[in-house]
Amino acid sequence: EIWYIAALGLLLPFSYAHTDFFTSIGHMTDLINTEKDLVVSLKDYIKAEESKLEQIKKWAEKLDQLTDTATKDPEGFLGHPVNAFKLMKRLNTEWGELENLVLKDMSDGFISNMTIQRQFFPNDEDQTGAAKALLRLQDTYNLDTDTLSRGNLPGVKHKSFLTAEDCFELGKIAYTEADYYHTELWMEQALKQLDEGEASSADKVYILDYLSYAVYQQGDLGKAMMLTKRLLELDPEHQRANGNMKYFEYIMAKEKEANKSSTDSEDQVEKETEVKKKDYLPERRKYEMLCRGEGLKMTPRRQKRLFCRYYDGNRNPRYILGPVKQEDEWDKPRIVRFLDIISDEEIETVKELAKPRLSRATVHDPETGKLTTAHYRVSKSAWLSGYESPVVSRINTRIQDLTGLDVSTAEELQVANYGVGGQYEPHFDFGRKDEPDAFKELGTGNRIATWLFYMSDVSAGGATVFPEVGASVWPKKGTAVFWYNLFPSGEGDYSTRHAACPVLVGNKWVSNKWLHERGQEFRRPCTLSELE
């Protein structure tokens, strides 16, 4: 149900806004198991109802034959003393038993299970979060509504489609966020599917009501009038549409009059406008292009400086005889990838340790220095200490050996799970000069470097991108990437601003280690130059 308020003489749909919420694939998997359990319970209920109806049916068929015979010759039938006795018995006892059977509620088991499971059900906020994730994917990967609605996505194993009712629901959620652009897209898709003959409970009148207002809000008065006319053809008595139509006609007339008066007495003057070519794109657009794999391409000369090698951690005793594979991903900032650096067994152990603790991922608040959730980081994360598992301890030692940096002052290993639509918008890992208290509570200085494990492959999307320089690093299970956030001087390297692109298909598991300045004084000495 929707409510309406009057504004500027125009009646508009009104409802309350929701806040963004995210559920990881791990928790979604639990929901699938919950739904499977409910389906089993529902089928048991259906069997019980069918068994009950079968008993009633047999009773009805038996009585049907008996009463047919009895009614043809009532006196002759009742002349038999057994028939007279059985008639008394049936009406006094057996019909009462049948009544009890009919009244028996077979749904107790199913309803009881529903009551237990309902505490784990998603709520309106979760549904809104899932819808917003779809809209986020649509924008980032330039997907049209028809492609999304028909489920034509790259790398999908289980194709699924959106009904007209689903599209209508997405449009309504966009509407509650005052996102009229997406409201128009999804209401039009719902209308298109209904026009193509899809059987649905969605009502064209409701769809046109939302659609016409969303179009009006975006300034297309002519289209808003056309849609309102179509609505009135379906429901001529629609009070709000009739009121809106009069309002649209009034505004249209005023605009025509204003245009006429402004052009009648004026000579048309051609104005030359200089379009200044910008050598940069807004960050959001660059970020989305990189997520789609449309980023800047390195020149051949720069590419020749990128190498792959066997790396022994600067003659580290553990890796002299068994060096690891390392390859350059980017030159400035220098980003390197380590291949086959974490085993499948280690990955599963880390995931199992993290799953019970997964909660909404946090970021450092620059003002307070404390951890807090943020709308631009949409994932679930958990923190693991080296003390609680030899696997985590071994991973920490490996990071120290290969980076040459002291991990004793590093933050705990953070494990993150990004489900469909999960992302982390462009950010710096280090604290800037205007954030002096960013890591004050830790007492270990700024984040000098980042080590990032990829613990799963991603079917589509999920790249780590660096909008400032145009680099895209794609997830590959069992690998890790490493970069310095600070120059040796301690100054922040602003080219390391990066983001985690939304997961389009599949899910993404990563774990990262943020290494801090304290303890690195002799491992990575300061230089005299600010940017070296």
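Give me the tail of P(r) for region 139-218 as a percent: Cα-Cα pairs with distance above 15 Å.
Values: 1712 of 3160 pairs.
Of all Cα-Cα distances in region 139-218, 54 percent exceed 15 Å.
For the chain, which span is the longest to avoid every loop-located (per DSSP) member of chymotrypsin sites (Phe, Trp or Tyr not before Pro) having at most 14 other Cβ atoms inside 10 Å? Please list the in-between numbers first.
Values: sites that count: 16, 161, 280, 307, 376, 387, 522.
The segment 17-160 is the longest one with no such site.
Cα atoms only, region 384-532: Rg and Dmax in Å?
15.6, 47
For the chain, what's the radius of gyration and Dmax over Cα atoms, in angstrom?
Using the Cα atoms of the chain, the pair Rg, Dmax is 33.4, 122 Å.
Would you list, by chain and number, the lysines whose Cα falls below 23 Å from the Cα of residue 260, excluding same-chain residues fewer than 8 positions away?
Those lysines meeting the cut-off are 223, 246, 271.
Using a probe radius of 1.4 Å on heavy atoms only, what accessible surface per residue do you get for the chain? Whole Å² is fine. Before the final figure, lay out each step's value.
Values: 30470 Å² over 532 residues.
On a per-residue basis, the chain sits at 57 Å².
Taking the full set of protein chains and a 1.4 angstrom probe, give the accessible area of residue 468 in square angstrom, rounded to the nearest 10.
100 Å²
Can you list the trypsin sites (Lys or Arg not before Pro) in region 200-263 that are in a DSSP coil and have 15 or fewer other beta carbons within 10 angstrom? Before the final figure, lay out each step's value.
Details: sites: 204, 223, 229, 230, 240, 246, 254, 256, 260; in loops: none.
Of the trypsin sites (Lys or Arg not before Pro), not one in the loops of region 200-263 has a Cβ with at most 15 other Cβ atoms within 10 Å.
Report, as a whole number in µm² per second, the diffusion coefficient that Stokes-Einstein gives for region 28-159 at 37 °C and 0.692 mPa s using the Kirkwood radius over alpha carbon pairs.
On the way: Rh = 20.7 Å.
In µm²/s, the coefficient rounds to 159.
A 29 angstrom limit on the alpha carbon distance is what I want to check against. Which of 172/351; 433/508; 332/433; 192/256; 43/157 exceed it?
Working: 172/351 36 Å; 433/508 32 Å; 332/433 22 Å; 192/256 32 Å; 43/157 27 Å.
In this structure, 172/351; 433/508; 192/256 exceed 29 Å between Cα atoms.
Taking every pair of alpha-carbon atoms in region 72-140, give the share separated by more than 13 Å as a whole percent. If you can, show how the numbers build up before the last one.
Details: 1866 of 2346 pairs.
Within region 72-140, distances greater than 13 Å cover 80 percent of Cα pairs.
Hey, which lysines would be in cross-link range of residue 440, C-alpha to C-alpha under 20 Å, not counting anything within fewer than 8 residues on its own chain?
Once the sequence-local lysines are set aside, what remains near residue 440 is 370, 513.
With unit charges on the beta carbon (Lys/Arg positive, Asp/Glu negative), name the residue among 448, 484, 500 whose Cα is farthest towards the positive pole of the charge dipole of region 434-522.
Working it through, the farthest residue towards the positive pole turns out to be 500.
Below 8 Å, C-alpha to C-alpha, sequence gap of six or more: please give me the relative contact order for the chain in percent. Spell out each step's value before the answer.
On the way: 824 pairs, mean separation 71.8, N = 532.
Worked out over the chain, it gives 14 percent.
Could you pull out every one of the lysines with an alpha carbon less than 26 Å from that of residue 86, ignoring same-chain neighbours closer than 8 positions?
Those lysines meeting the cut-off are 52, 57, 58, 62, 72, 104.
The values are calculated or read from the model by the stated rules, or taken from the named source; none is laboratory data. Everything numeric in this text was worked out from a predicted model, so none of it was measured. Don't worry about glycine lacking a Cβ; one is built from the backbone with ideal geometry, like all the others, and counts go over all protein chains shown. These accessible areas exclude ligands, DNA and RNA; they are computed on the full protein's heavy atoms, side chains included. Shrake-Rupley method; radii C 1.70, N 1.55, O 1.52, S 1.80 Å.
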